[in-house]
1. When residues of segment 307-329 are filtered for being part of a loop (DSSP other than H, G, I, E, B) and of a type outside the set (G, A, S), how many remain?
2. Looking at (1) under 23 Å from the mean Cα position of the chain (by Cα); (2) modelled with pLDDT of 95 or more; (3) open to solvent by 40 Å² or more (accessible area, probe 1.4 Å), which is the one condition that is false for H406?
3. Looking only at segment 86-133, which residues are of a type in the set (S, T, Y), out of contact with any Leu (no Cβ under 9 Å at 6 or more places or on another chain) and within 22 Å of R27 (Cα to Cα)?
4. Go through the residues of segment 98-115 one by one and say whether even a single one is open to solvent by 50 Å² or more (accessible area, probe 1.4 Å), under 17 Å from S213 (Cβ atoms) and out of contact with any Pro (no Cβ under 8 Å at 6 or more places or on another chain).
5. When segment 227-259 is examined, which residues are found to be open to solvent by 10 Å² or more (accessible area, probe 1.4 Å), of a type outside the set (D, E, K, R) and over 18 Å from K273 (Cβ atoms)?
6. Output the residue which, of all residues in segment 370-396 that are open to solvent by less than 40 Å² (accessible area, probe 1.4 Å) and within 24 Å of the chain's Cα centre (by Cα), is farthest from A24 (Cα to Cα).
7. Give the residue, chosen from E399, E365, that is at pLDDT 95 or above, exposed (fewer than 15 other Cβ atoms within 10 Å of the Cβ) and either small (G, A, S) or under 30 Å from F440 (Cβ atoms) (or both).
Amino acid sequence: MMASDRSPEHKKVCVVGAGMSGLAAARELRREGHAVTVMEQCGDVGGQWLYDPRTDTDDPLGAAAPVKVHSSVYASVRLMSPRECMGFSDFQFVPRSGAADAAAGRDARRYPDHREVFCYLKDFFAAFGLADAVRLNTRVLRVAMAPQSGGGAGDVKWLVRSVRVEPDGGEEASAAAVDEVFDAVVVASGNYSQPRLPSVKGMETWRGRQLHSHSYRTPEPFRGEVVVVVGCGESGLDIATELCGVAKEVQLVAKSTEDAAAPPPALSKMLAKHDGIRLRPPVDKLTEDGTVAFVDGSGVAADTVIYCTGYRYSFPFLDTAGAVAVDAGGGRVGPLYEHTFPPALTTSLSFVGVPMRIFAPWFFEAQARWVALVLAGKAALPPEAEMMRAVEEDYRARELAGVPAHLAHAIPAVDRMEVFEFVYRHTDLPRMESWKWELFVAGIMNSKDDRETFRDIDDDSESVREGLQMWRRVAGAQYEAALAAAVSSSSGDRVHAVTDADAAEMLEPPSCQVSKLN
């Protein structure tokens, strides 16, 4: 569709990032007839799931923004959620286990590794004909409001400045920045790249090696060392477990003195299985002689400290004149109505991928679908004042519930059913089948018992087994039909027609009432 042929409801939209949320946004925007340009700084799509063995050797802590290496995935990463609960509504994350798939590094397990997620996203990218919408090796330098010819928020357009970069991430010496004007911008650049660092006395002068888990890839560089791993989240536990096979000692730092004295059952079981890991209370300071001192007065002479302390939201390219910003702690982007739209900028700016602790990419698909419908004039947002009240109510609810600041966008932190309610409130996407929820909950319970073995436990109920059987048959056929259509047709419209028909005819899941999900 040429720009001159677009109706007022069809917008020229820039999507920043071609990861899971950016691809979801591109597909949904195109379905509504919008002209989409996706700008991706890396040499391929996939976002975090595009594994990069490189690290930023000049800034291993990731203190500068933006970081030079986008992906934070380490070599051994496996999913924490079952693949059956992930996936787009009409392009499910089914396993593919043929000889060619095995040769390509596909992983058919229920909890596959990061390579499998990347292959799945590449298949989605191909099945829905998104190649002509994505500009690879294109870094967005600035997104700002363009000068307006009229008044009112509805007239806001966006000036996007970008530059071509080398595949290794360095800017091309001869490349000049390009300025383009868009009707709307969707920020989908992810939230797991910019490290959140603790404030520890002595960090600036400590003589040992310090890095954030963002810069960790494999355990081998730490062979024979005494390593302090700060943080008992998923990455901290993964890295500590890996290191105990090669490091001289692994000191794992708990979040609090209480957790160090009485760790939860899953952590206790892990410690019992690995003699090389010792649990410590929080770090007090790093001393000049190379010692890491803990708050209980003990200490250890360490070679390396790895901070597994999570990530902060960071959009250094975005200039909204104060309409939306990241708070000082890096944990909240705001104000955002329903974690998606800045109230003061109505429809012209939106964010897809900010929410945490959700089913991805299903939730991102719903966000993207909502954005596409709003831009097309098929869904309306409340007045600005009403959206601001809703944002403030969300802030108050989280404060009263004692939700930590860095979990401001953890959707189920106050109401665990809100993940589902959001999807059903803003879109017509199929409801998640009850057997998937049962499978997800079973995985959580098993991980609490033993986080190192839960992924390989086969204890499915009869209802889950029946759901799986239907899922593999129907969703698998739909997946293959979409890929086959993409291969046989050069028209993106043809691919959309085939997969939409398959979804309507073949993938009609039984309704699942949110109130029944316990």
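The values are calculated or read from the model by the stated rules, or taken from the named source; none is laboratory data. Computed from a predicted structure; not experimentally measured. Note that each Cβ is placed from the backbone with ideal geometry, even for glycine, and that neighbours are counted across all protein chains shown. Calculation scope for accessible area: heavy atoms of the full protein, side chains included, ligands and nucleic acids excluded. Shrake-Rupley method; radii C 1.70, N 1.55, O 1.52, S 1.80 Å.
1. Total satisfying the criteria: 10.
2. Going through the list (1) under 23 Å from the mean Cα position of the chain (by Cα); (2) modelled with pLDDT of 95 or more; (3) open to solvent by 40 Å² or more (accessible area, probe 1.4 Å), H406 breaks only (2).
3. The first filter runs over segment 86-133 and keeps only residues of a type in the set (S, T, Y), leaving 89, 97, 111, 120.
With the extra rule that they be out of contact with any Leu (no Cβ under 9 Å at 6 or more places or on another chain), the set shrinks to 97, 120.
Hit for segment 86-133 is Y120, nothing else.
4. Scanning segment 98-115 turns up no residue that is open to solvent by 50 Å² or more (accessible area, probe 1.4 Å), under 17 Å from S213 (Cβ atoms) and out of contact with any Pro (no Cβ under 8 Å at 6 or more places or on another chain).
5. Selection gives V230, G231, G233, S235, S256, T257.
6. Result: V391.
7. On the way: E365 fails: exposed (fewer than 15 other Cβ atoms within 10 Å of the Cβ).
One residue alone meets the criteria, E399.
Residues are listed down the side, and each one gets a yes or a no for (1) in contact with a strand residue (DSSP E or B) (Cβ under 7 Å, 6 or more places away or on another chain); (2) under 18 Å from Q148 (Cα atoms):
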| residue | (1), (2) |
| --- | --- |
| Y311 | yes, no |
| F317 | yes, no |
| A321 | yes, yes |
| A328 | no, no |
| P343 | yes, no |
| T346 | no, yes |
| V352 | yes, no |
| P355 | no, no |
